[in-house]
Amino acid sequence: MKFFQDLVKWSRIRLTHGVLLAAIWLVVVCGAALLAPLITPYNPNSQNLLATNLGPSWQHLLGTDNLGRDTLSRAIFAARVALPAAAIGTFVAVALGLAVGVSAGYIGGLWDRISMRAVDAVLALPGLIVAIAVVGAVGPSLLHAMVTLGLLASVAYARLARGVVMSVRHRDYIDAARVTGETASHVLLREVMPNVLGPLVVQATLTFAHMLLAEAALSFIGLGVQAPQASWGSMLNSARSQIDNDPFLALPPGLALFLTVLSVQTLGDGLRNAAGTAGRSKPRPLGNLNVLASAVRSNGTEQPAEEATGRILPSEPALVVDSLCVSVVGTADRSAAPDETLIVEDLSLVLAKGEALGLVGESGSGKSMTALALIGLLPPGIRVIAGSIHLGSHDLLRMSDTSMNAIRGDRIAMIFQNPARSLDPVRNIGSQIAEPLRIHRQLSRSQAKRQAVELLGRVGVQRPSKRVNDYPHQLSGGQMQRVMIAAALACSPDLLIADEPTTALDTTVQRRILDLLRELQSQEAMAMLFISHDLAVVSDICDRIAVMRAGRIVEQGPAGDLTDRPRHPYTRALLATEMSLDTPDVTLSDPLQTSTSLRQL
Amino acid sequence: MSRPVLEVENLTVTYGHGAKRTTAVDSVSLEVAEGTTFGILGESGSGKTSLGRAVLGLVNPKEGSIKIDGVEVKPLRIRRAPGQGKSVQVVFQDPIGSLNPARRVIDSLGEPLRIHQRYSREARVAAIERLTEQVGLDPTLLGRKPMDLSGGQCQRIAIARAVASTPRLIVCDEPVTGLDPPTRAKVLRLLAELQATHSVAYLFISHDVMVVRRLSDRIGVMYAGRLIECGPAGEVITHPMHPYTAELLAAAPDLDHKHRTKSSPDPTKQKIPPEPDTVSRSHGCAYASQCTNAQSTCWMSTPALRTSSRAHQVACHFPLVSNDKRV
């Protein structure tokens, strides 16, 4: 039992009822096939013409056929034919397919082109008909038929393996292995193969099921095993002739075949689901944040409260966030009760019109989730559980989806970290800049384009009337981010959320984008929430800074004040890491350790 | 001075053929002394990564020679003799991507030991434990796969793997770019410690002035495939001679708020900084179109790297002269 549990844990299969039943059935079938001579009550081929076409009884549990042979015994012996036949076919397919696919993918060049054209040709052949033709030519033999089917099925593996190998062969870890001095065979065997194995096992179960059916089909038409040997296919064939006077006869072999194929496929599904999550045992932030959140909660009273509320109360707030709580509904472990983990806890922010607030924190501190909550785009499984968000007079959390859509892109705009991924590669940039105007201002195509040209000029793109027809790939990273900013500014929003807008850019480009954002923000008098992990960047562009850690704001204050006289030890540690290499070893990533040091203060 | 660990001479790397040919690295020469760090500073597309890959033997240089400990680096083919990787190792930018997701950490770490040292199984396990201790990694993580670890942890493993075969030179290609500032500081400190104990040399490639400055003894600045300035780290940072280096240094964000002066919200006074149009040319200084003191000479001829004072080299017709040097 222990071994079984380990096996399940190792294979990462989620034991649903279906997978469990399938596994049990396959174990039963395999066991019965192995022990057939010991457990069958009758010789499968011994005829008893006095007891033909009997129904189920205690002597013959599944009755007898037209020659008086015991159906149960024949069905069990048939498994001894079906399983090895399917195994041979699958083995040939996998072995040959892997050899061709891996070598084609890794070596490439001429060998790749020749072998892949051959694979394409084989794909065009109808498998079962070729197998029948081969059997017709070399005489009826199940082995020949299955090897032929295996050869034909191998093309799927060749393509699969080639695809995986091509996708990993230029990854960093392959390069690292080559630099280390690994030989080609080792790189293939130890670095490339493990990646192929996952999808391969899944594909193999499907092929196995396919081979079971093929064997039954061949035996059904008399080209597989020869009488009197039992096979599910040949049993079905003899049942077919008796269908008028003994319809029950078709049931045992039919059911056996049906259940076995179904079980193999269910198991394959289970394996595929496991492969989909392999290497990702559970969403990591959940586990970590759980600890973080509890550490913060237990430590909550010791937070310097007057720091967290902020000292500037702007007269005309553009955005008011009050005690916002965002949580993840845990789905990491199915057996456990769904637990809610707070990733943003009791967060309050006020942003005046024309003010820039920087939100600083390490990855996983909840700063991006705060931004997504503001714009109403939290990913599935994450939701706001408490608090309120007011943008001017709008209560964002109480709005319907339609009215939120009307606000998004119009009153609130957002720019993201990677402009290359945020822009649609198949549309020119003019139409992407103009899109919010077309949606929210109902501008005509030509009006929108004129506006787009003007916006492009405003964000410092040279020759805007020419560039407006360009596609994203024709622009540099800095130019793309300018396009994103132009689109965000199209409707002159009240609030601009910038989530790490310069992290992916070069230093000199970052400088120019920061200058641009600062200039535009003061011209437009719009509020800006600038999110970054880089305290230097934030202090450069923002009026106030809020430092976030483990879902909470630990310190908030005017930019110069906060960087010159940090009060919270975490801010101090964060500043120290930015300044020099010779920092005292503060273990920032260990919340418990830091919280004890907090208590000592 | 002893013989340098790495000697790169007149290296040129090109990609593509015919009209599509682009020159990624253009006649670069440099030397890295034993146990020191040579920082390569440059922005994306400057050719710094291609230079690193050429040193590793992962790309085939068009011209020039690369010698590690006096031995010519041959480009790696699919088939190659093991043992070549003993002198040079690599740490890549993406820590999670540079470890095989399908293999456990301990297997990835054991690989260089198995190849180069021919340890027995027990000795290998002991060596792995010693390594993990050196890079400050929790030994219980060894059985995990990279996806279960954080970026910082993966980068420690990648560093441990690089150090495992006691190489003479490690090429670090943006090793801390994807990491949070606190994690970044720790990884940099680890690299500095390992250099002190193993006296390994680093070719440290980054776009981040702060990061390069922390670790480097010498700094080379690359622009459009060329090495445009090269010298002792302190010298290059405090007295940049190439206008591009000066711009790069000025652009680095810092905490002294010198940029935080906001203009008044006056729409009549627009001063939006434009994005420069970069046009590639076959002759002249590549930086000329963006240079504030470009003159007609700059458009005509490509400046060569010339030695100025104190082993400080610059490729500019009109290098900047700092006040204290203009005696």
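Got at least one residue in region B:222-233 being surrounded by fewer than 17 Cβ atoms within 10 Å (Cβ to Cβ) and modelled with pLDDT of 85 or more?
Going through region B:222-233, the residues surrounded by fewer than 17 Cβ atoms within 10 Å (Cβ to Cβ) turn out to be B:232.
So of that shortlist, the ones also modelled with pLDDT of 85 or more come out as B:232.
Scanning region B:222-233, I find at least one residue that is surrounded by fewer than 17 Cβ atoms within 10 Å (Cβ to Cβ) and modelled with pLDDT of 85 or more, so the answer is yes.
Within region A:37-58, can one find any residue that is aliphatic (A, V, I, L, M) and in contact (Cβ under 8 Å) with a residue 24 or more places away in the chain? If you could, list the steps in order and put the result at the bottom.
In the first step, residues of region A:37-58 are kept if they are aliphatic (A, V, I, L, M); the result is A:38-39, A:49-51, A:54.
In the following step, the residues that additionally are in contact (Cβ under 8 Å) with a residue 24 or more places away in the chain were identified as A:39.
Yes.
Can you say whether residue B:115 is at pLDDT below 80, farther than 21 Å from residue B:191 by Cβ and hydrophobic (A, V, I, L, M, F, W, C), as far as the supplied structure shows?
On the way: at pLDDT below 80: yes; farther than 21 Å from residue B:191 by Cβ: yes; hydrophobic (A, V, I, L, M, F, W, C): yes.
Yes: the conditions hold for residue B:115.
Quick one: in region A:422-459, of everything that is more than 38 Å from the chain's Cα centre (by Cα) and touching a residue at least 24 places away in the same chain (Cβ under 8 Å), which residue is nearest to residue A:402 (Cα to Cα)?
A:451
Exactly one of (1) surrounded by 20 or more Cβ atoms within 10 Å (Cβ to Cβ); (2) assigned to a loop (DSSP other than H, G, I, E, B) is unmet by residue A:43. Its number?
(1)
Among the numbered conditions (1) at pLDDT below 85; (2) farther than 30 Å from residue B:56 by Cα; (3) of a type outside the set (S, T, N, Q), tell me where residue A:204 comes up short.
Of (1) at pLDDT below 85; (2) farther than 30 Å from residue B:56 by Cα; (3) of a type outside the set (S, T, N, Q), only one is false for residue A:204: (1).
Taking region A:145-181, which residues are outside any helix (DSSP H, G or I) and touching a residue at least 60 places away in the same chain (Cβ under 8 Å)?
Step one: list which residues in region A:145-181 are outside any helix (DSSP H, G or I), which gives A:169-171, A:181.
Residue satisfying the conditions is A:169 alone.
Facing another protein chain (nearest Cβ under 10 Å), more than 15 Å from residue A:84 (Cβ to Cβ), of a type outside the set (Phe, Trp, Tyr) and surrounded by 22 or more Cβ atoms within 10 Å (Cβ to Cβ), is that true of residue A:184? Talk me through it step by step, then tell me what you get.
Working: facing another protein chain (nearest Cβ under 10 Å): yes; more than 15 Å from residue A:84 (Cβ to Cβ): yes; of a type outside the set (Phe, Trp, Tyr): yes; surrounded by 22 or more Cβ atoms within 10 Å (Cβ to Cβ): no.
Judged against the criteria, residue A:184 is not a match.
Just give me the residues in region A:162-180 being within 10 Å of chain B (Cβ to nearest Cβ) and surrounded by 22 or more Cβ atoms within 10 Å (Cβ to Cβ), in sequence order.
Across region A:162-180, the qualifying residues are A:173, A:176, A:177, A:178, A:179, A:180.
Kindly indicate whether residue B:277 is more than 15 Å from residue A:516 (Cα to Cα), facing chain A (nearest Cβ under 7 Å) and either part of a loop (DSSP other than H, G, I, E, B) or modelled with pLDDT under 80 (or both).
Numbers: more than 15 Å from residue A:516 (Cα to Cα): yes; facing chain A (nearest Cβ under 7 Å): yes; either part of a loop (DSSP other than H, G, I, E, B) or modelled with pLDDT under 80 (or both): yes.
Against the criterion (more than 15 Å from residue A:516 (Cα to Cα), facing chain A (nearest Cβ under 7 Å) and either part of a loop (DSSP other than H, G, I, E, B) or modelled with pLDDT under 80 (or both)), residue B:277 qualifies.
Filter region B:107-117 down to residues that are surrounded by fewer than 19 Cβ atoms within 10 Å (Cβ to Cβ) and either facing chain A (nearest Cβ under 7 Å) or in contact with a Leu (Cβ under 8 Å, 6 or more places away or on another chain) (or both), then give me how many there are.
Residues flagged as surrounded by fewer than 19 Cβ atoms within 10 Å (Cβ to Cβ) and either facing chain A (nearest Cβ under 7 Å) or in contact with a Leu (Cβ under 8 Å, 6 or more places away or on another chain) (or both) within region B:107-117 amount to 1.
Go through region A:425-462 and report how many residues are part of a helix (DSSP H, G or I), closer than 19 Å to residue A:516 by Cβ and of a type in the set (A, V, I, L, M, F, W, C).
Here the count works out to 6.
When you scan region A:359-414, how many residues do you find that are in a strand (DSSP E or B) and among the charged types (D, E, K, R)?
Filtering region A:359-414 for residues in a strand (DSSP E or B) gives A:359-360, A:382-391, A:394-395, A:408, A:412-414.
Narrowing further to those that are among the charged types (D, E, K, R): A:383, A:395, A:408.
Count: 3.
In this structure, is residue A:474 at pLDDT below 85 and either among the hydroxyl-bearing types (Ser, Thr, Tyr) or in contact with a strand residue (DSSP E or B) (Cβ under 8 Å, 6 or more places away or on another chain) (or both)?
Details: at pLDDT below 85: yes; either among the hydroxyl-bearing types (Ser, Thr, Tyr) or in contact with a strand residue (DSSP E or B) (Cβ under 8 Å, 6 or more places away or on another chain) (or both): no.
When the stated conditions are applied, residue A:474 does not pass them.
Which ones in region A:491-512 are within 20 Å of residue A:421 (Cα to Cα) and modelled with pLDDT of 85 or more?
Result: A:496, A:497, A:498, A:499, A:500, A:501.
Pairs only if they're at least six apart or on different chains, beta carbon under 7 angstrom, first in region B:147-166 and touching a residue at least 60 places away in the same chain (Cβ under 8 Å), second hydroxyl-bearing (Ser, Thr, Tyr) and not in a helix (DSSP H, G or I); list them, first residue then second.
B:158/B:98
Can you pull out the residues in region B:145-161 that are facing chain A (nearest Cβ under 8 Å) and within 22 Å of residue A:181 (Cα to Cα)?
Passing the criteria: B:146, B:158, B:161.
Kindly state which helices (runs of 4 or more DSSP H) lie completely within region A:463-578 and contain at least 1 residues that are free of Cβ contacts under 8 Å to residues at least 24 places away in the same chain, crowded, with 21+ Cβ neighbours inside 10 Å and within 12 Å of chain B (Cβ to nearest Cβ).
Working: elements: A:464-467, A:477-489, A:507-524, A:535-541, A:559-564.
Answer list for region A:463-578: A:477-489, A:507-524, A:559-564.
Any idea how many residues of region B:81-106 are at the interface with chain A (Cβ under 7 Å from one of its Cβ atoms) and at pLDDT below 75?
Number of matching residues: 5.
Yes or no: residue B:125 more than 10 Å from every other protein chain (Cβ to nearest Cβ), in contact with a Leu (Cβ under 8 Å, 6 or more places away or on another chain) and outside any strand (DSSP E or B)? Reasoning before the result, please.
Values: more than 10 Å from every other protein chain (Cβ to nearest Cβ): yes; in contact with a Leu (Cβ under 8 Å, 6 or more places away or on another chain): no; outside any strand (DSSP E or B): yes.
So residue B:125 does not fit the description; no.
Which count do you get for residues in region B:191-211 that are within 11 Å of chain A (Cβ to nearest Cβ) and over 21 Å from residue B:13 (Cα atoms)? Lay out the reasoning, then the answer.
Taking region B:191-211 and keeping what is within 11 Å of chain A (Cβ to nearest Cβ), we get B:191-193, B:206-211.
In the following step, the residues that additionally are over 21 Å from residue B:13 (Cα atoms) were identified as B:191-193, B:208-211.
Residues in region B:191-211 being within 11 Å of chain A (Cβ to nearest Cβ) and over 21 Å from residue B:13 (Cα atoms): 7 in total.
The values are calculated or read from the model by the stated rules, or taken from the named source; none is laboratory data. All values reported here derive from a predicted model rather than from experimental measurement. So basically every Cβ, Gly included, is an ideal-geometry build from the backbone, and we count neighbours across all protein chains shown.
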